[in-house]
1. Nearest 20 debye, what's the magnitude of the dipole of the range 243-324 about its Cα centre given +1 on Lys and Arg Cβ and -1 on Asp and Glu Cβ?
2. Which order do the peptides 5-11, 202-208 take when ranked by the mean count of other beta-carbon atoms within 10 Å per residue, highest first?
3. Run through the DSSP bridge list for the chain and note the antiparallel percent, rounded to the nearest 5.
4. Tell me the angle of helix 174-183 to the major Cα principal axis of the chain, expressed in degrees between 0 and 90 and rounded to the nearest ten.
5. Once label points are set 7 Å from the Cα along Cα→Cβ at both residue 56 and residue 223, what is their separation, rounded to one decimal in nm?
6. Which one of 103, 25, 312 is farthest out on the positive end of the charge dipole of the chain, using unit charges on Cβ (Lys, Arg +1; Asp, Glu -1) and the Cα centre as origin?
7. Please report the spacing between the Cα centers of the range 44-116 and the range 265-327 in Å, no decimals.
8. With a cut-off of 8 Å between alpha carbons and a minimum separation of six or more residues, what is the relative contact order of the range 117-291 in percent?
Amino acid sequence: MMQRADIVIGIDGGGTHTRVIAADVEGNILAYCKKGSASVYRDSAAEHNVKSAVLEALERGGIEPGRVIGLAAGIAGYDTPDDLDWIAPLTAVPELACPKWHVNDALIAHYGALLAQPGIIVIAGTGSILIAINEDGRYLRNYDFHHYAASAARLLAYDTVFEVLAGQTDPSDERLVGRMLAHWDVSAVSDLYKLASVGFEDDRKARDKRFGQFAPVVTEAAERGSSAALRVCGRAAMQIKVGIELLAASFAQPTVPVAFIGSVANSGYFQSELRKILKNGANKQYTVVTPQLPPPAGAVLYALKQLGRPVTEDMISRLQESNKLPQ
């Protein structure tokens with residue numbers, strides 16, 4: 001008896017985690033798996049992480065590989081055609097002979113957040129990127145303009161540490177500085193300065209990870225009124241706004257939907273600040289919208305559209321069950 005071929009796999013391969021959803025063509029979620037980073041720049045085990053996540057999702061769903069008719073993978077760091085040299089092996093699971101589509105992880109995040117409709121998404125978490133799809137279907141990134149919003153978690157932390165080491169602090173920063181010293185296991189700012197003067201630690205991946213882990217302290221400090229954290233986060237928020245306005249200029253419509261994704265973008269400070277500064281847009285008016293689907297479900301949606309499957313309201317409703325999955 002020939003097995004039914006009716007499964008698609010969606011992969012959100014981020015700099016911190018890889019998330020995989022297996023769903024049928026009706027949008028029913030059959031399995032979910034979460035593993036480590038999909039970026040070879042952040043984790044030498046990236047290929048193992050992605051492949052094992054796919055295989056584990058198939059196993060959890062009791063899915064025979066021959067039932068899979070398409071796989072879409074959004075991978076962090078896919079910025080040029082040459083990147084496919086390291087990205088394609090991530091999904092080279094011998095058991096899967098289906099068509100595979102590899103794109104930047106921001107594109108599948110856009111598909112999920114705005115259901116492939118015109119608008120802009122801001123991703124600020126482990127990495128930082130802004131993506132627009134306008135009314136003509138044109139796909140644009142802030143990277144295409146060589147613009148970068150320095151709002152990735154590790155960058156906020158680096159900048160805040162530099163502010164402190166440069167003496168740009170006042171009494172409002174006392175709690176922030178205390179948590180900073182504890183995070184780097186030192187007892188005084190002078191000790192942190194000595195550590196910084198030799199580059200903190202040689203391994204860049206480990207160093208960036210440690211800085212990234214400190215970012216929530218920075219955004220919380222900004223909410224509490226720390227002057228150093230407010231300067232750092234305020235600069236990043238304004239860079240995000242510039243990126244949004246840059247992409248918005250490609251739209252014909254006067255009002256552009258914007259969705260925020262990632263730990264930094266969805267922190268209390270950035271949610272409040274970005275909503276406030278977007279009220280005074282130069283190019284357009286902006287409507288902040290709640291993302292409809294998480295990125296791995298966006299990858300499922302992308303795969304279904306590549307296969308020519310009609311996207312229905314019932315399908316979206318079923319895929320929205322993915323919002324309940326651990327992110």
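1. Value, rounded to 20: 60 debye.
2. The peptides rank, most packed first, as 5-11, 202-208.
3. Antiparallel bridges: around 50 percent, rounded to the nearest 5.
4. The two axes meet at around 60 degrees.
5. Here the modelled spin labels are 3.0 nm apart.
6. Going by the Cα projections, it comes out as 312.
7. For the range 44-116 versus the range 265-327, the Cα centre distance is 20 Å.
8. Rounded, it is 31 percent for the range 117-291.
The numbers here are math on the coordinates, done by the rules we state, and not lab data. What you see is a predicted model; the values in this text were computed from it and never measured. All Cβ positions, glycine included, derive from the backbone under ideal geometry; neighbour counts span all protein chains shown.
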